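Below: the structure, in structure tokens.
The values are calculated or read from the model by the stated rules, or taken from the named source; none is laboratory data. All values derive from a computational prediction rather than experimental measurement. Positions of Cβ are backbone-derived with ideal geometry, glycine not excepted, and every protein chain shown enters the neighbour counts. Just the protein is used for accessible areas: all its heavy atoms, side chains included, with ligands, DNA and RNA removed. Shrake-Rupley method; radii C 1.70, N 1.55, O 1.52, S 1.80 Å.
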Amino acid sequence: MLTIALPKGRIAEDTLAIFASLFGTDFAFSGRELIMEREGFRFLNVRNQDVPTYVEHGAADLGVVGLDVITEKEPDVVDLLDMRLGQCSVAIGIPETEQLDWSRPDIKVATKMVNIAKNYFAQKAVGVEVLKLYGSIELAPLVGLADAIVDIVETGTTMRENGLKVAEKIMDSSAHLIANKQSFYAKKAEILDLYSKLSEAVKESE
Ligand code: PRP
């Protein structure tokens with residue numbers, strides 16, 4: 001039995017749709033169910049940012065999670081496959097009407113992704129204060145909490161509707177299949193069998 005942690009929402013639905021097409025049966029969590037067993041797999045319904053924790057600690061053998069989360073948390077796991085789901089980017093957003101002068105000494109950047117933001121600005125040798133927020137990041141520049149944000153951009157709608165624009169792109173992201181290191185050795189045949197089925201399905205959908 002392989003246990004697979006999926007991030008609540010679209011990526012979980014898209015991943016389960018791939019399983020449904022591979023195994024010819026319906027794969028879906030019902031109601032507020034957090035564990036679902038089907039066809040020899042056990043799926044866990046977890047928050048996006050929690051997927052690496054379940055996998056790193058072996059509560060799940062495998063997980064599907066955004067490259068942005070992997071980059072932010074640097075979990076000690078095996079990165080097996082780019083599933084090409086949930087494609088988005090991590091970008092710096094600033095007010096539409098502004099041109100940020102990065103040499104200013106007192107720039108504040110609000111973000112959920114503190115490590116990605118800090119690493120990016122450190123690489124560019126730009127000194128900024130990074131403020132950690134947990135959601136509604138686009139609000140911060142509108143009320144003077146921050147000069148800029150580092151956030152996920154998928155369609156661009158959230159930034160646009162809040163009068164922000166992308167100033168710089170930091171990285172592209174999509175959902176990756178990750179594995180617990182011990183599981184990868186202990187259950188190698190099972191994991192590689194699933195890996196080859198999933199990578200075929202990903203290739204076919206391109
Ligand atoms: C993300 C992100 C943006 C939005 C971008 O939030 O933080 O707010 O999506 O998408 P868009 O470019 O298509 O508008 P999400 O909906 O994942 O919620 P969260 O803040 O709870 O993570």
**Asked** What translational D, rounded to a whole number of µm²/s, comes out for the chain from Stokes-Einstein when the hydrodynamic radius is the Kirkwood one over Cα pairs, at 20 °C and 1.002 mPa s?
**Response** 117 µm²/s
**Prompt:** To the nearest 10 degrees, how steep is helix 10-23 against the longest Cα principal axis of the chain, on a 0 to 90 scale?
**Reply:** 20 degrees
**Complete:** With only helices counted (DSSP H, runs n ≥ 4, each -39500 (n - 2.57)), the per-residue ellipticity at 222 nm for the chain, to the nearest 500, works out to -9500 deg cm²/dmol
**Request:** Output the antiparallel fraction of DSSP beta bridges having both residues in the chain, as a percent to the nearest 5.
**Result:** 65 percent
**Prompt:** the chain: longest stretch without exposed trypsin sites (Lys or Arg not before Pro) (DSSP loop, at most 13 other Cβ within 10 Å), sites themselves excluded?
**Reply:** 125-206
**Request:** Can you figure out the FRET efficiency of V202 with V166, using R₀ = 30 Å and their beta-carbon distance, to the nearest 0.05?
**Result:** 0.65
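For the range 88-172, what does the accessible surface come to per residue with a 1.4 Å probe? Please give it in Å².
Solvent-accessible surface per residue comes out at 54 Å².
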**Message:** As an exercise, identify the GluC sites (Glu not before Pro) in the range 53-129 lying in DSSP coil whose Cβ has no more than 14 other Cβ atoms within 10 Å.
**Reply:** E96, E98
**Fill in**
Checked the range 128-206 with the C-alpha gyration tensor, a ≥ b ≥ c its square-rooted eigenvalues, rounded below a/c of 1.5, otherwise prolate if a/b is larger than b/c and oblate if not; verdict prolate
**Message:** What does the charge count around A201 come to, taking other residues whose C-beta lies under 14 Å from its C-beta (Lys +1, Arg +1, Asp -1, Glu -1)?
**Reply:** -3
**Request:** Give me the distance in nm between label points sitting 7 Å out from Cα along the Cα-to-Cβ direction at T157 and L142, one decimal.
**Result:** 1.5 nm
**Fill in**
Dimensionless Rg/Rh of the range 88-172, both radii on Cα and Rh by Kirkwood, sits at 0.91
**Prompt:** So which of K8/K165; K112/K188; K108/K181; K108/K165 end up more than 26 Å apart by C-alpha?
**Reply:** K8/K165; K112/K188; K108/K181
**Prompt:** Going by accessible area, probe 1.4 Å, with all protein chains left in place, what is the ranking of E74, E39, E168, largest first?
**Reply:** E74, E39, E168
**Prompt:** Dipole of the chain, Cα-centred, from +1 at each Lys and Arg C-beta and -1 at each Asp and Glu C-beta, to the nearest 20 debye?
**Reply:** 300 debye
**Fill in**
Taking Cα atoms only, helix 114-123 is inclined relative to the longest principal axis of the chain by an angle, in degrees rounded to 10, of 60 degrees
**Fill in**
Under the 7 Å Cα-to-Cβ spin-label approximation, K132 and K118 lie apart by a distance in nanometres of 0.9 nm
**Item:** Accessible surface of the range 1-106, 1.4 Å probe, proportion on carbon and sulfur as whole %
**Value:** 45 percent
**Contour minus Cα-Cα distance for K8 and A28 (0.36 nm per residue)** = 6.1 nm
